[in-house]
Amino acid sequence: MSQEARDQLVASANTVFQDDSQRADLKSPALTQTDLIALLIDLCETKEHAVEFTAIKSDHHDDRNLGEHCHYNGWCADLWPLASTTAGDYLDAGDPRFQAFLRDVAAAPHLYQIGLAGSAWTEDNVAAAGDSVFQDDGGDHVHVGAQ
């Protein structure tokens with residue numbers, strides 16, 4: 001994955017960041033894996049989903065005890081799909097567009113797992129997320145893990 005592709009993802013109108021460290025994490029090959037960038041490009045650029053990042057690596061707790069595919073090793077991002085490209089314009093977890101987003105995540109190349117936390121953990125969302133889904137801890141977010 002080129003630096004240009006990372007820069008394009010970070011500059012995309014479809015990516016909103018809660019913290020500047022999240023931009024830096026995605027731009028750095030030393031902090032985030034190429035496969036995560038490819039997965040996020042598929043979601044945000046190819047499928048044109050707008051997302052707000054809630055945690056990536058620098059702003060996520062140390063989760064290396066979970067194994068290789070964790071935030072600490074740069075494989076994951078926590079986010080929430082948006083109804084527009086405006087920060088805080090979150091889709092309701094029961095909105096059919098939320099399930100469409102989860103189906104696209106589930107079909108994305110490089111997907112390892114989807115975690116649903118808080119209000120995201122619903123029967124419809126679990127079904128849309130598919131076989132890799134797990135119930136994540138913490139406040140409302142969708143955990144996207146790459147492989």
Checked Gly74, Gly88 against criteria (in contact (Cβ under 8 Å) with a residue 24 or more places away in the chain, touching a strand residue (DSSP E or B) at 6+ places or on another chain (Cβ under 8 Å) and among the small types (Gly, Ala, Ser)); the one match is Gly88
Among residues of the range 104-126 being in contact (Cβ under 8 Å) with a residue 24 or more places away in the chain and farther than 16 Å from His143 by Cβ, the residue farthest from the chain's Cα centre (by Cα) is Asp124
Requiring at least 2 residues that are surrounded by 15 or more Cβ atoms within 10 Å (Cβ to Cβ) and in contact with a His (Cβ under 8 Å, 6 or more places away or on another chain), the helices (runs of 4 or more DSSP H) wholly within the range 1-115 are 34-41, 96-107
Only one of Asp136, Asp78, Asp131 is more than 15 Å from the chain's Cα centre (by Cα), modelled with pLDDT of 95 or more and of a type outside the set (Phe, Trp, Tyr), namely Asp131
With the first residue restricted to the range 130-141 and required to be farther than 12 Å from Cys76 by Cβ, and the second required to be in a loop (DSSP other than H, G, I, E, B), Cβ contacts under 8 Å at 6 or more apart or on different chains are Gln135/Trp121; Asp140/Ala93
Exactly one of Lys47, Lys57 is basic (Lys, Arg) and either touching a Lys or Arg at 6+ places or on another chain (Cβ under 9 Å) or closer than 19 Å to Leu102 by Cβ (or both), and that residue is Lys47
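The values are calculated or read from the model by the stated rules, or taken from the named source; none is laboratory data. Because the structure is a prediction, the values reported are computed rather than measured. No Cβ is skipped: glycine too gets one built from the backbone with ideal geometry, and neighbour counts run over all protein chains shown.
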